Amino acid sequence: MDRKVLLAHSARFGCPEQTYKEHISEVVKRSLESASKVASYTPFGDLFSSTVRAAAEYHDLGKLDTANQTVLTGNTGESLQVDHWDAGTAHLLGNNSIPSALCVFSHHVGLPSIYKEKSKVYQFRVRTPVKNGEKTVREVTDERLKDYIKDHEDEMGSCPDLPEGGAPGPTFLRFALSCLVDADHTDTARHYNNAVPEGEILLCPDKRLALLDKYVARLAKKKSGDVKRNKLRQAIYETCRNASPSDKGFITCDSPVGTGKTTAVMAHLLNVAKTKKLRRIFVVLPFTNIIDQSVDIYRNLVLSGEDPEKAVAAHHHKAEFEDLSSRVFSFLWNAPITVITAVQFFETLASNRPASLRKLHQLPGSAIFIDEAHAALPAPLWAQAWKWLQELVDNWGCYVVPASGSLNRFWELEEFSKPPSKNIPELVDETVRKSALQSESIRINYKREPDSLSADKICDWIKELQGPRLVILNTVHSAASVAKKLFESYDDRRFVEHLSTALAPVHRTAILERIKERLKNPDDNNWTLVATSCVEAGIDFSFRSAAREFCSLVSTIQTAGRINRSGEYCESDLWSFRIAPGDSLKEHPSFATSAKILKQFFDEGKVAPEYCTEAMKREVREKNELAADSNTVVIAERNRDFPLVKDLFKIIPAKTVTAIIDREICERIERHEKVDFKELQRKSVSIYSNNIHKYALRPLRGFNDIYAWPLDYDKDFLGYMAGVLKIFGNNPENFMI
């Protein structure tokens, strides 16, 4: 009699069932391909590969349960009766293959709290009842495990040797789970005719460095009028390009704003990649809207025949989905150069969720450029983030460059690193750096407005400053409200521009280009850009004057880089001011302490880049934050309490969802047409999840975690805040930050 065909996936989306043998074989093959690339960069290579291999072999073992097979044949239309990850977990635990067991246990539900599981009777097992039954999943699994193993061996043949012992650390488990989940999700997408990752594009650092040299030479010719500044930029580029790799795996760059760090550090990293045989470069930026500017520069490094969007990828905001139907839109870190926000980079390192971790295995063997590092993270998160960066360097073949024009060397403070990390080398030699700082000191006058200002007073006051003018406020709501009031006072849009994350990336890019063009016109000077902190770093703007809501010393120094950038105005004024809360303005609660410290530095005459580390030290001590080893995130990571680490390590504390602002894309997705995840990213915004009902966000039909934006949307000015202000008015209490 013919043996019954065992299944891994049911017929869905017009596609047939997938056999168990096919799925396991494909997941084993794909996960091993990923693991082998990781293994070459870590001293744990053999253990890592064998851990991933064993997890892939048994990750769906519980699907062989008779009740689950009945569901998979399509005879019931129900979900699986027995949680299928328990069987593989049980088998691997029984063979002391603990890391592999944890990967199987976690590949749907996420990495657990090891700390809490150890206090339970049946550790890492599913203790809830089976569907429509009285016994627990663990009890059913234990009764039938031998049958599952026999069926598995009949299908798959001889089984692999199983690694024994524990994992070297939490990051090991995240990387191993990443290899398994990516293989599982990719093969499932392939079976259901969804988009899957294509062949890998290699970094080829020597070829891209040659292209970068040519680009920098062309750039110098375009700016030939600014002789002194050009010589300084060229000196910094040559210094960074020709610097030897740091034997510590870390090197810093604190060259002042406007001196070409974007290209200079990339040149260094391409040389390091060639020497160390690195496979990727990650550029980590603090704000979404500066991604496109960096991407435009780095796409000058695209080789002949390459797709620019695949060679230099832009990761703007959350694009990772748990739901089977939505996984196709997940962003994967498989480009040779990825430009990404600090939120996405560091919260991925902190995550325990399969959808987030799916891409993480691409990170070992990479150079990591943390540009505008001063703004990358809230101070309390750096203690654990620095430990992760050290581990990436020590155990996973990475190379790290923190850079900023106002770099705070937090790693030298015991609140962030124990023992403090001293003597990290500097890319730019002291002579060139002093020359850069000297030109910086005569460019900006730092001033403060003594009175607290309402929205109306801000509008009246700002008109008196020399134009073109830049105004930065601390919240999306405040910026939109002031921009709207300023427009109403002129009754002419020519006098005001607005930029914040209320705009989708595609429209932020268009507005950025419009602003740059306006700044090139010396006769177009009577206008104001009202923005959030998203413009304070990394953007090649040069306004005549600026005003910035009190925030922090580093934010003030960075804002100075957006005015009189090349000294074209001789001197320019940067004003700091306080808002009068209410009357359409809302204070940002996260900046209360740093704003207080900034006032102290104004009082002491210390508003300058060299005081940024001192400002950070005062801030953490003002908040009574403890030494690095007593940090709550550090303790949670040490205990391998993965869910707690994810919850504590939040750069943006509130959860957000993806809302698409383009009706046509929504309709195409609902028709299950193929939509590129990059297109979804460009035409969507992030909305706080607690505003889903307030804004009447509608989940797309057939999708649980992608929404359509239902209110008005102004692509040229206020973005989604046009609809919000129209419905809810200017009362700041109606909004989050």
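The values are calculated or read from the model by the stated rules, or taken from the named source; none is laboratory data. Note that this is a predicted model, so its numbers are computed, not measured. Note: ideal-geometry Cβ built from the backbone for every residue, glycine included; neighbour counts use all protein chains shown.
Where helices (runs of 4 or more DSSP H) sit wholly within the stretch 470-576, none has at least 3 residues that are assigned by TED's automatic domain parsing to the domain that holds F287. Residues that are under 17 Å from P402 (Cβ atoms) and either assigned to a loop (DSSP other than H, G, I, E, B) or not hydrophobic (A, V, I, L, M, F, W, C) (or both) within the stretch 284-298 comprise P286, F287, S294, listed in sequence order.
May I ask you to verify whether I281 is of a type in the set (A, V, I, L, M, F, W, C), touching a strand residue (DSSP E or B) at 6+ places or on another chain (Cβ under 6 Å) and not in a helix (DSSP H, G or I)? It would help to see each step written out before you state the result.
Details: of a type in the set (A, V, I, L, M, F, W, C): yes; touching a strand residue (DSSP E or B) at 6+ places or on another chain (Cβ under 6 Å): yes; not in a helix (DSSP H, G or I): yes.
Taking the combined requirement at face value, the residue satisfies it.
Could we say that H59 is closer than 21 Å to P163 by Cβ and crowded, with 20+ Cβ neighbours inside 10 Å here? Spelling it out, H59 is indeed closer than 21 Å to P163 by Cβ and crowded, with 20+ Cβ neighbours inside 10 Å. With respect to D712, determine if the residue is in a loop (DSSP other than H, G, I, E, B), more than 30 Å from Q384 (Cα to Cα) and touching a residue at least 24 places away in the same chain (Cβ under 8 Å). For D712, the condition - in a loop (DSSP other than H, G, I, E, B), more than 30 Å from Q384 (Cα to Cα) and touching a residue at least 24 places away in the same chain (Cβ under 8 Å) - is not met. Can we say I251 is farther than 30 Å from R508 by Cβ, crowded, with 24+ Cβ neighbours inside 10 Å, at pLDDT 90 or above and assigned by TED's automatic domain parsing to the domain that holds V432? For I251, the condition - farther than 30 Å from R508 by Cβ, crowded, with 24+ Cβ neighbours inside 10 Å, at pLDDT 90 or above and assigned by TED's automatic domain parsing to the domain that holds V432 - is met.
If I ask for residues that are of a type in the set (S, T, N, Q), more than 37 Å from the chain's Cα centre (by Cα), closer than 23 Å to C103 by Cβ and not in a strand (DSSP E or B), which ones from the stretch 118-147 would you list?
Of the stretch 118-147, the ones of a type in the set (S, T, N, Q) are 119, 123, 128, 132, 136, 141.
The next check asks that each one be more than 37 Å from the chain's Cα centre (by Cα); those that pass are 132, 136, 141.
Of the ones still in play, those that are also closer than 23 Å to C103 by Cβ are 136, 141.
Passing the criteria: only T141.
Would you point out the residue of the stretch 632-655, among those that are in a loop (DSSP other than H, G, I, E, B) and at pLDDT 85 or above, that is farthest from F124 (Cα to Cα)? It comes out as K650. Restricting the stretch 417-432 to residues that are more than 30 Å from the chain's Cα centre (by Cα) and in contact (Cβ under 8 Å) with a residue 60 or more places away in the chain, the residue that is farthest from G260 (Cα to Cα) is D429.
Taken together, R565, R621 contain a single residue that is touching a residue at least 40 places away in the same chain (Cβ under 8 Å) and crowded, with 20+ Cβ neighbours inside 10 Å, which is R565.
Just one of the listed residues (N395, N474, N445) is under 30 Å from the mean Cα position of the chain (by Cα), among the polar types (S, T, N, Q) and over 26 Å from P170 (Cα atoms), namely N474. Among the residues making up the stretch 675-701, those that are modelled with pLDDT of 90 or more, in a loop (DSSP other than H, G, I, E, B) and under 30 Å from V312 (Cα atoms) are K683, L700.
Can you pull out the residues in the stretch 630-680 that are touching a Gly at 6+ places or on another chain (Cβ under 9 Å) and of a type in the set (A, V, I, L, M)? Once the filter is applied, which keeps residues that are touching a Gly at 6+ places or on another chain (Cβ under 9 Å) and of a type in the set (A, V, I, L, M), the stretch 630-680 yields I661, I669.
Remark: pairs (first residue in the stretch 90-108, over 21 Å from S351 (Cβ atoms); second residue surrounded by fewer than 24 Cβ atoms within 10 Å (Cβ to Cβ) and among the aromatic types (F, W, Y); Cβ separation under 7 Å; 6+ apart in sequence or on different chains) = L93/F124. Residue count for the stretch 232-248 satisfying the condition of being assigned to a loop (DSSP other than H, G, I, E, B) and either in contact (Cβ under 8 Å) with a residue 60 or more places away in the chain or buried (at least 23 other Cβ atoms within 10 Å of the Cβ) (or both): 4.
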